[in-house]
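To start, the structure itself, in C-alpha cells.
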Amino acid sequence: MLSGVLHRLTDPFRHGFVRDVGILTGGTVAAQAIAVLALPILTRLYAPDDFSLFAVYLALVSIFSTIGCLRYNIAVPLPKEDTDGMNVLVVSLLSATGVSMILALPVLIAPRSVAELLGLTDLAPLLWLVPISVWAASIYTGLQYWASRKKQFGLITKTRITRSAGGVGAQLSLGAFGSGGLGLLFGQTLNNSLGIVGLARSILRRDQTALRAVNREGLRRNARTYRRFPLFSVPEALFNTAGLQVPIMIIAAIAAGPEAGFVLLAMRVMGLPMALIGSSVAQVFLTEAPQELNKGRLGDFTRKTMKRLLGIGAAPLCLVGAVSPFLFAPLFGDEWGRAGVLVAWMTPWFILQFVASPVSMALHVTGQQFVAMFLQAFGLVSRVGAVLCAMAYAPDYIAEIYALSGAVFYGVYLWIVIRVVKK
C-alpha cells in the first residue's frame, strides 16, 4: 500500500526522487508506528494534566529548537562544493550551542519565575530539561541536513527509528513507575538526543576532506553568503512555530482543566500523515528544488507535488476527522473523548498543511525569505489573535477557534506559494 502511495505521489518525477522519498518515508512509517502504538498506553499511564504539562514543554522546545541553528541548517544542502557545505554545517552547530547556552541561563537561575510567567508552576522543577532538549534537537537537525546533502537517506531512516523507539520506551517505562509528567518530558528529551552519534560518526568516517576545509575564514565567508537565513528565516521560523505553539501555551495557562492536553493529542493524531509522508517529501524537495530551479522547472515541479499531496492526503484525513469523535474514548480512554471532537475541527487545517508545508521551501530556494517571513508573521498574529478573541467572546470554544485559524493560515500560505512559483 505504501509503495502505491509513493508511486502516485512521485511518478511524474525522476527515479531518484521516488527512491529517496521512499527510503525516508519507510523509516518514518516505522518510527511513527512505534509512537502510534504507544499512544493508547501512554494515555492510560499519564493523566490529561500530565499531557498539558508536556504540551507546554513541547511548545518551548519546538520554538527554540526551530531557530537553534539560526536556520543555517537549511542552507547546508545549497553550496555547490562540499567544503562550503561543511563550513555552513559547522556555523549551524556553533549557533545551536550558543542559543542553548543563552536559553539555559534563565531556566537554571530562576526556574520558578519562568514557570510562573508561563502560568504553569508545576513545570518549574523540570525546566532544566528544556535547554538540553533544544540543543540536542538542533544539533540533530543540522547533522540531518548534511546527511540529506550526501543523500544518506538510509542513515537518516535508521536514526529516526532509534529516536522513536528510545523516546517512547523511556516514556512507557517511567510511566509504569508512576513518574507523572517527568516521564513524558524525559522521554522526549531522550528522543531528541538519540541519532546524533550515528550521524556524526558518518561524517568523521566519510567526509574527512570537507572537515579539513573548515577554518575561520570559511566560516565567516559562508556565514555572510547565507546571512539571509538568520536575517529572514529565523523570524519566519519563530513566527511559524510560535503561531502553532503559543496558542497552546495560552490555552494551558488560561483554560480550565486539561484542555491543552486534549489539543496536543488531537494534533499528534492529525499530524501523522504529515510526519509519515509530508516531512519526507519536504526533505527531498529541498534537495531537488535547486536543480529544478536551475533548469527552469521549479514551478511545474512544485505544482505537481502539491496536486499529488492533495490527492493522497485529503480522503484519509477527512475519514480520520469523521470517525475520531466516536473512536477516541474507546481507543485512548473515556477521559480523552474531547480530543476526538477537536480532531474533527482540525481536519481542514491539516489537509491544507499537508499540501503546503512540503513545498514551502520553494520560497527559500527562490530567495523569497522575506515573503516567507511575512507569511509566518501573519500566521502568528492571526492564530494568537483568534485565541485571544475566543477567550474574550467564546471561552467555551477556544480550541475550536484555534483549529479554524490554522485552516485560514495554511489556505493563505498555499495561495502565496502558488503565485511565487508561477514566476
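The values are calculated or read from the model by the stated rules, or taken from the named source; none is laboratory data. Note that the structure is a prediction, hence the values are computed from the model and not measured. Every residue, glycine as well, gets a Cβ built from its backbone with ideal geometry; the counts of neighbours run over all protein chains shown.
Remarks
- Checked against the criterion of being farther than 20 Å from Thr241 by Cα, hydroxyl-bearing (Ser, Thr, Tyr) and in the same structural domain as Asn222 (by TED's automatic domain parsing), region 79-87 has at least one qualifying residue.
- Listed here are the helices (runs of 4 or more DSSP H) enclosed by region 332-417 that have at least 1 residues being more than 18 Å from the chain's Cα centre (by Cα) and without any contact (Cβ under 8 Å) to a residue 24 or more places away in the chain: 337-359, 369-393.
- Enumeration of residues in region 99-127 that are surrounded by fewer than 14 Cβ atoms within 10 Å (Cβ to Cβ) and at pLDDT 90 or above: Met101, Ile102, Leu105, Leu108, Ile109, Arg112, Ser113, Pro125
- Listing of helices (runs of 4 or more DSSP H) fully contained in region 27-129 that carry 3 or more residues being small (Gly, Ala, Ser): 48-66, 82-109
- Matching residues, region 154-167, being surrounded by fewer than 20 Cβ atoms within 10 Å (Cβ to Cβ) and touching a residue at least 60 places away in the same chain (Cβ under 8 Å): Gly154, Lys158, Ala165
- Scan of region 130-168 for residues that are part of a helix (DSSP H, G or I) and either charged (D, E, K, R) or farther than 30 Å from Val76 by Cβ (or both), ordered by number: Arg149, Lys158, Arg160, Arg163
- Taking the numbered list (1) closer than 30 Å to Pro125 by Cβ; (2) touching a residue at least 60 places away in the same chain (Cβ under 8 Å); (3) of a type in the set (Phe, Trp, Tyr) in turn, Phe229 passes all entries but (1).
- Considering region 168-179, the residues that are surrounded by 19 or more Cβ atoms within 10 Å (Cβ to Cβ) and without any contact (Cβ under 8 Å) to a residue 60 or more places away in the chain include one that is nearest to Asp50 (Cα to Cα), namely Ser179.
- Per-region count, region 386-423, residues more than 30 Å from Tyr72 (Cα to Cα), of a type in the set (Gly, Ala, Ser) and surrounded by fewer than 18 Cβ atoms within 10 Å (Cβ to Cβ): 2
- Reported count of residues in region 207-224, each being of a type outside the set (Ser, Thr, Tyr), touching a residue at least 40 places away in the same chain (Cβ under 8 Å) and assigned to a helix (DSSP H, G or I), is 7.
- When the criteria are applied in full, Leu319 fails the requirement of being more than 20 Å from the chain's Cα centre (by Cα) and surrounded by 17 or more Cβ atoms within 10 Å (Cβ to Cβ).
- Ala289 being at negative phi, modelled with pLDDT of 90 or more, of a type in the set (A, V, I, L, M) and assigned to a helix (DSSP H, G or I): no
- Per-region count, region 262-276, residues modelled with pLDDT of 85 or more and either of a type outside the set (Val, Ile, Thr) or not in a helix (DSSP H, G or I) (or both): 5
- Among the candidates Val197, Val246, the residue that is in the same structural domain as Val29 (by TED's automatic domain parsing) and of a type in the set (A, V, I, L, M) is uniquely Val246.
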